[in-house]
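Remarks on the structure that follows.
Any read-out appearing in this document is the output of simple, stated calculations on the displayed coordinates, not a laboratory observation. Small disclaimer: the values here were computed from a predicted structure and weren't measured. Note: ideal-geometry Cβ built from the backbone for every residue, glycine included; neighbour counts use all protein chains shown.
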Amino acid sequence: MSDKSKHIVIAGAGAAGLMAARELARAGKRVTILEARDRCGGRIQPLPVSQFGYPADGGAEFVHGEAPVTRGLLREARLSMQAIAGSQWSFDGTELSRESRDDPHEAELHAALRDLKDDLTVAEFLRRHFAGDAYARMRHSIERMVEGYDAAEPERASTLALREEWMDGGLHTQGRIIGGYGGLIEFLVAECREHGVVIRLGCVVSAIEESGGTVTVRCDGDEALSCDSVILTVPLPLLPEIALPKRAREKAALASDIGFGNVIKILLRFTKPWWHDRTEDLTFLLSDETIPVWWTQRPSDDPVLTGWFGGPRTAELAGLDPQALIDAGIDSLAAVFGLPRNDLARDVVAAVAINWAHDPYARGAYSWATPQTREAQTILARADGPVLFSGEALYRGRDMGTVEAALASGLETAGSILRA
């Protein structure tokens, strides 16, 4: 069989799967993508313009850091990015105020991070270096960031993996794609199809079998495809649900050394941006309310507030349906801004709440690193058999868990196949 006639099946039409498929197809490979959903994009979920007045994102929304792969694709797709603008505010239970970035212990924190040689969990790092009462506010701020922003558990999360983010202010190096991530997914899908990739929606991969040098991919409903190799790009919680050959199953077990967190995202569209009266330059808002993080669309004036609750404590709201989550979001905003709850509720013209843990094809939002993660990623990413693993959870760069991580991992996986 000639190299170009080899058939590669990719499980998952998210950013990693689409990126790998495009790269392989452009090199002349025969590629089929099997996607469980009735759409492409995975944890990128565009929402209707008619609902929020612009192409809002129910899943991934921001471009983090330098993101060279993402920015290169945007140039190809002739899509533009816009930097976020404004200030971060916080509510301490009584007062709403603009946050100062000056922390009296910042220099000590940076020194301790620079001197750290052996990895520690975040909780252990704080216990060893910043245990006193004088550091209570800083500890709370770091733990809130790890849980809420990184969707991670302080008792398991790697300090070394988060070091750069803490030292240069990760929240402040973000932008948005004008028109949302949906445009990028549309571009990748069009590119894949142009190069002959077959995309089959509604196909839930249930098993992968090896026999006599041939690989068989089975989907629910007993549908089966024969191929030469498979790339699994599904989120980590779904890996145990796919029956795998022995060697691939042993590798997949290492995913337990990679953290995976949840996010609840709530979008509220109001008749007008009423928060301008109190916080004209508001971008991010942090509090200890039930829905603790909110952001605006600045520099756009769209009258939409996005609520965000990430990390292990999202389990506390696992029993709430979307309407109950929306109500919790309105309650949180009413408490922060000191406004009558019913007045806020009457001003809402569109609302969506997504608990990603309830999504059957995600079971959460994105991955994060433990002290054992880098070793697990190295082994999982090896192209040493017909079953390969790819996705944001296997990215060994700085911004793990992002769309950039997924795109870069898909590109790397495709490259490893082409080099072989």
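Annotations
- Under 14 Å from residue 272, Cα to Cα: aspartates and glutamates that are on another chain or at least 8 residues apart: 280, 301, 302, 343, 347
- The label point for residue 246 and the one for residue 378, both projected 7 Å from the Cα toward the Cβ, are 2.6 nm apart.
- Residues of region 74-117 with amide N under 13 Å of a point placed 7 Å along Cα→Cβ from residue 335: 91-95
- Total formal charge among the other residues, if their Cβ is under 15 angstrom from that of residue 219, Lys/Arg +1 and Asp/Glu -1: -4
- Think of each Lys and Arg Cβ as +1 and each Asp and Glu Cβ as -1; about the Cα centre, that makes the dipole of the chain roughly 1360 debye.
- Local electrostatic count at residue 207 - Lys and Arg +1, Asp and Glu -1, tallied over other residues with Cβ under 14 Å: -3
- Net charge dipole size for region 240-340 [Lys, Arg +1 and Asp, Glu -1 on Cβ; Debye, nearest 20]: 600
- Across region 104-172, the mean sequence separation of Cα contacts (distance under 8 Å, 6 or more residues apart), normalised by length, yields a relative contact order of 43 percent.
- Rel. contact order, % - alpha carbon contacts under 8 angstrom, at least six apart, the chain: 25
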